[in-house]
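Report on the structure given below.
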Amino acid sequence: MSNEVQPVGTARLLQLARDKYVATYGCEPVVAASAPGRVNLIGEHIDYCEGFVLPVTIPFETLIVGSYNETDKCNILSVLADEDAQTSFPSSSAESLKPGPPTWSNYVKGSIANFPDPVKGFDAVIVSDVPIGSGLSSSAALEVAVFTFLEALTGKSVDAIEKAQLCQKAEHDFPGVPCGIMDQYIVTMGKKNHALLIDCQSLEATQIPLELGEYVVLVTNSNVKHELTGSEYPQRRAQCQQAAEKLGLSSLRGAKREDLEELKRLNCDKLVIMRAKHVIEEIYRTTEVAKSLRRNDLERVGKLFFQSHESLSKLMEVSCSELDELVDIIRGAPGVLGARMTGGGFGGCVVTLVKRDEVDNLKSIVLKEYSGNPTFFICQTNDGARTHIL
Ligand code: GLA
């Protein structure tokens with residue numbers, strides 16, 4: 001069906017990268033690594049409050065091939081979004097790396113700069129089919145793919161949790177986005193046919209088998225991106241932190257429903273109380289979804305999805321008219337158990353729990369009724385970051 005985006009597939013991506021490498025550098029690459037994108041099933045705007053999140057990997061991924069070049073320069077050819085872009089910068093053993101144009105190179109530099117050992121010069125080609133700017137974590141996929149490539153290139157392996165933290169730091173320091181740990185964590189440690197329940201306080205995680213029977217998770221991309229994201233995300237983080245501090249807590253993880261009354265009594269800002277309410281209830285919903293998946297109670301999962309969307313739209317105020325419109329259209333369609341926006345918000349995607357038999361019907365309803373240009377994919381899960389034999 002049209003409007004369906006298909007993953008290119010690892011074997012084809014690997015071939016593409018290898019061909020480009022040979023054409024550009026005149027020899028074969030020796031190391032290859034990849035990392036997938038992700039969608040979050042539930043637990044939104046919660047990771048930076050040390051709560052629980054429940055993301056899954058998606059079948060789209062970013063892949064890098066390369067070899068040492070015996071110089072003190074890193075030369076990178078990126079074939080992201082069907083366009084070739086070339087950049088060169090000093091290796092981390094030659095000079096300290098600094099953020100700078102082109103924008104995409106900052107994700108690569110960030111991973112190199114945060115790699116525990118100095119990295120000598122290398123040539124590389126990066127290819128990807130992760131849709132960019134759609135809230136599917138193309139940035140974490142790139143950071144973690146590069147980091148995994150560096151592990152293979154240098155022979156130094158890094159503990160998986162530490163690796164996720166270093167890649168998160170790469171995103172803080174280089175592109176300058178104050179993200180939580182969720183994206184880098186799932187992209188590093190995701191597993192096929194599982195969702196990952198991550199405790200963002202202890203950083204422990206539990207693999208939850210994703211057995212949906214006659215249901216699937218359909219991802220609908222609104223294909224809109226509002227430029228609000230840059231300023232609004234840090235503001236939400238700050239408001240949640242403010243609520244925690246008012247309550248004498250280090251994060252909202254320890255807050256309870258009764259604390260909302262306490263915040264009112266302390267004359268806390270109305271918006272701050274709304275954010276805190278979202279966080280407290282979303283942490284509960286996330287653990288309930290994990291339990292319901294284990295019990296195979298998909299109807300309850302669906303209800304919690306709708307509640308989560310409502311809360312992200314009305315209390316956290318990170319949705320937008322297009323995402324609200326999509327969820328409203330999807331809500332009334334046959335075979336749908338639940339739907340919600342996923343990721344940072346202000347555009348991006350909606351996840352829907354829907355009967356497999358009704359997917360085509362749902363797509364035609366959305367295509368007919370949605371005012372924008374949606375694209376779709378069924379969320380088949382993938383393995384997290386890994387290396388490949390060339
Ligand atoms: C972005 C951030 C994540 C997380 C989500 C919202 O994807 O990178 O850390 O905060 O938004 O849940």
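A few comments on the model shown:
- Residue count, segment 137-155 (criterion: away from the ligand (no atom under 14 Å from the Cβ), out of contact with any Cys (no Cβ under 7 Å at 6 or more places or on another chain) and not aliphatic (A, V, I, L, M)): 5
- Segment 85-122 - residue that is touching a residue at least 40 places away in the same chain (Cβ under 8 Å) and open to solvent by 40 Å² or more (accessible area, probe 1.4 Å) and, of those, farthest from LEU150 (Cα to Cα): THR103
- Out of ILE58, ILE46, ILE64, one residue alone is in contact with a helix residue (DSSP H, G or I) (Cβ under 7 Å, 6 or more places away or on another chain), of a type in the set (Val, Ile, Thr) and within 30 Å of LEU362 (Cβ to Cβ). It is ILE46.
- Evaluation of GLU211 against the conditions (1) within 14 Å of the ligand (Cβ to nearest atom); (2) modelled with pLDDT under 95 shows that the sole unmet condition is (1).
- A count restricted to segment 156-187 and to residues that are more than 12 Å from the ligand (Cβ to nearest atom) and either touching a Cys at 6+ places or on another chain (Cβ under 7 Å) or open to solvent by 40 Å² or more (accessible area, probe 1.4 Å) (or both) stands at 9.
- The single condition among (1) open to solvent by less than 40 Å² (accessible area, probe 1.4 Å); (2) within 16 Å of the ligand (Cβ to nearest atom) that LEU14 does not satisfy is (2).
- Among the residues of segment 59-71, some residue qualifies, meaning at least one is at pLDDT 95 or above and either in a helix (DSSP H, G or I) or within 16 Å of the ligand (Cβ to nearest atom) (or both).
- LEU337 open to solvent by less than 10 Å² (accessible area, probe 1.4 Å) and touching a strand residue (DSSP E or B) at 6+ places or on another chain (Cβ under 9 Å): no
- Any hit, segment 44-59, residues being buried (at least 24 other Cβ atoms within 10 Å of the Cβ) and of a type in the set (S, T, N, Q): yes
- Matching residues in segment 252-271 - criterion: being assigned to a helix (DSSP H, G or I) and buried (at least 17 other Cβ atoms within 10 Å of the Cβ): LEU252, ARG253, ASP259, LEU260, LEU263
The values are calculated or read from the model by the stated rules, or taken from the named source; none is laboratory data. Small disclaimer: the values here were computed from a predicted structure and weren't measured. Every residue, glycine among them, receives a Cβ derived from its backbone with ideal geometry; neighbour counts consider all protein chains shown. With ligands, DNA and RNA removed, areas are computed over all heavy atoms of the protein, side chains included. Shrake-Rupley method; radii C 1.70, N 1.55, O 1.52, S 1.80 Å.
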